[in-house]
1. Straight-line reach only, C-alpha to C-alpha below 18 angstrom: list the aspartates and glutamates that LYS549 could link to, leaving out same-chain residues fewer than 8 apart.
2. Provide the packing ranking of 130-138, 217-225, 342-350, i.e. peptides ordered by the mean count of other C-beta atoms within 10 Å per residue, highest first.
3. Short version: ³J(HN,Hα) in whole Hz for each residue of the stretch 500-514, in order, from phi by Karplus 6.51 cos²θ - 1.76 cosθ + 1.60 (θ = phi - 60°), x for Gly and Pro, what are they?
4. Within straight cross-link reach of LYS357, meaning Cα distance under 19 Å, which aspartates and glutamates are found once same-chain residues fewer than 8 apart are removed?
5. How large is the charge dipole for the chain, taken about the Cα centre, if only the Cβ atoms of Lys, Arg (+1) and Asp, Glu (-1) carry charge, to the nearest 20 debye?
6. For the stretch 445-504, what's the radius of gyration and Dmax over Cα atoms, in angstrom?
7. Of all the accessible heavy-atom surface of the stretch 259-408, with the other protein chains kept in place and a 1.4 Å probe, what percent is carbon and sulfur?
8. Please check which bits of the stretch 26-57 a label hung off LEU63 would reach, taking the label as a point 7 Å along Cα-to-C-beta and the cut-off as backbone N under 19 Å.
Amino acid sequence: PALLGAAVYAWWRGAYPTPVPAPPKSERGQIAWFALSGILLAATLWTYMAARVTWALFAAMPLFVWLTDWPRFKRHWLGMGLTLVLAAALAAPMFVWLYQHPTAEQRFSQLGQPLQWLASGNLGPILQNSLEALGMITFRADDLWMYNLPGRPWLGAIEGALFYIGLAIAIWRWRQPHYMLALLWLAIGLVPSLITGVSASATRAVAILPVLYLFPAIAVTQIANCKLQIANFRLQSFFKPAILLAAILLVAVGSIRTGYDYFNTWAHARDVRVAYHTTLFETARQLDAQAIPSGSTVVLSSIYPGYYHDPYAMSLLLSRRDLELRWMEGSGALIFPPAPGYLVIPALAPLDPALEKIVAPHSQLVESRVLQPDDINPRFDIYEWDSSASLRTSLHAALAPPAAGLAQELDLGHTIALVGYTLSPQSVAPGDTITVITYWRILSPPDPQLDTVLFTHLLTANDAPSIIAQQDRLDAPTWNWHTGETIAQVHHLALNAELADGLYPLQVGAYTRPGPTPINPNPPTARLMLFVDGQAVSDRILLSPVQVKR
C-alpha cells in the first residue's frame, strides 16, 4: 500500500500540478514526477504479487484523461507513457527470469486456478469468489486468524453506510478526475480477491487500503456541506460542527474497538499465537533472563530448525550474544556439544523416546514455562545437560556387545565419521519396527549450498539386494554443524508383516543434493564415499544384519 500510494501521488503531481505550470521549466518537473511514479510502480511489482493487477491503474487513468481532457493528455502523454515504460523496464528482469522458469512461481499458479476454470468456460468459481469478495468491506471479510478476526469486515456498520454513500457520490461525479482515480483504484485493487475469494483477502486486496477510507470521508464532507434551513432559521452554523464532532466520535469509537480487538481478542487467540511463534518469543525472553554462564552452548529442539525459520527469528529475538546456539528437530536427532550446556525442549518438538533415554540420566530441569493452556505449543522446558557424559555413556553402550560395535571411526567423504550405533531389537518379528541410532562425528561441515541426508536401509539378502524398508532424513541441519561435535540420528524402520524369516543386511550412509526447488523438485544425489586408509572403498556402511523370525 505504501509504494502504490506513493506511485499514485507522484503520478497525480505530474498529471494535475497545482498551480498549473508554465512551460518549459515546469514541464521538466512534471516529467520528473512521472519518472518517480514509474520507479515506485516497478517497486510494487517486485514486492507483491497483487501488483500484477494494480499496475493497470496507471494505464486506465491516461485512457480516461484522453477521453475527457484532450488538452491535458496532449501536454502530458509523454510523461504518462514514461511511467509505464520505466516500470516495465525495471521489472523486466524478474519477468524474463519467470518466463525462463515457468514452474518457479507455484503460488501464482495456485491462486490462478479460478482463472483457468474461467478460461475453460466454468463461471461458477469466479462468480462465487466475486460475491464473497464484494462483501468483505462491510459484511464478511478474511477468515484467516493470521490477518483478521475471522469474518470481521473491513468497515463497521456506520463507516460502511458512509462508504456506500461516498461510493455513490463518486460514481455520480465520475467525470471529475479525482473521483475517477478513486473508483479505478478501488475496482482494480479488488480484482485479486474477486479472483481468489475472501480467504486471505486482507493481503490480496491490501492495495485498496489507502483509498478505502476516502469514500466515507467523501460522504461526511458532503453531509457537512449540506445547506439546511428551517423557515427563516439557517442551521448551517450548528449542523457543520455537529457533523464534525460526530465524525471525530466515529473515528474514536472505531479506534477503541479496533484496539481492543487487536491487542486483546486477536493477540491472545490460539491460532494467532501459533502463527507468530509465541513460544519461540517466550523462549528467547527466558534465555535472556536465565542465569546461564557466558559462552555456554544451548541446544534447542524445533520443528523448524532450518536457518531461515526458528533460528533466524531467534537471532532477532534473543538479546544475549554470548550464547552458542545449536538447532535440531528432537524427534529425530540430538546434538552433543563438547562441553556441558543447556537443552531447550518445547512441547511441540519433544525428544524421540530413544533420545530421551540418553539425555535423562545426565540432565536436570532448571526452568519450565507453561503458557496459555489452549496453545498448540503450550510449554517449554530448559535443562542443564552434561552432553559429554551422555555421549560417553551412549558410545560405550553402542560399542559393546551385542551391538556389534565398530573397531574404528568410518570416514564418509571426509565430512562425517560413524563412531557408533545401536540396533534395537536385533531380532524382530515381521510387522514390527526396529530402531537404529547412528552416532556421527563432524569432520568438516559440508557445502552449505547442498543438503546432506543420512540413510538407513534394510535390504533383501541376495546377490542384487533391493530396499525393503528405509528412512532417509537428517534432523540436525548441516548449516549448524561444527567440527568435532557429534550428532545422533534416529531411524525407525517398519517391517512388512509378510516378510519371510531370515537375516537381512542393514546399510547406512549419507548423500548430498542441491536443495529441492519448484524448478527442480527432485535434484540429483551424490553419495559420500567411505574412506579406509585414505582410499575410497564404498558408498555405504554395512551394519549387523537384522534377524527376522516369526
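1. ASP432, GLU498, ASP501
2. Working: 130-138: 18.3, 217-225: 16.2, 342-350: 20.7.
In descending order of packing, they fall as 342-350, 130-138, 217-225.
3. With coefficients 6.51, -1.76 and 1.60, one gets 6, 5, x, 9, 10, x, 10, 10, 10, x, 8, 9, 10, 7, x Hz.
4. Excluding near neighbours in sequence, the set is GLU329, ASP381, GLU384, ASP386, ASP475.
5. On the way: 34 positive and 36 negative charges, 657 e Å.
With only Lys, Arg, Asp and Glu charged at Cβ, the dipole is about 3160 debye.
6. Gyration radius and largest Cα-Cα distance of the stretch 445-504: 15.5, 43 Å.
7. On the way: 4270 of 7470 Å².
After summing per-atom areas, the C and S share lands at 57 percent.
8. Within reach of a label on LEU63, which here means backbone N under 19 Å from a point 7 Å along Cα→Cβ, the stretch 26-57 contributes 51-57.
The values are calculated or read from the model by the stated rules, or taken from the named source; none is laboratory data. Given the structure is predicted, the values throughout are model-derived calculations rather than measurements. Every residue, glycine as well, gets a Cβ built from its backbone with ideal geometry; the counts of neighbours run over all protein chains shown. The protein model used for the area step is the full one, side chains on, heavy atoms only, and it has no ligands, DNA or RNA in it. Shrake-Rupley method; radii C 1.70, N 1.55, O 1.52, S 1.80 Å.
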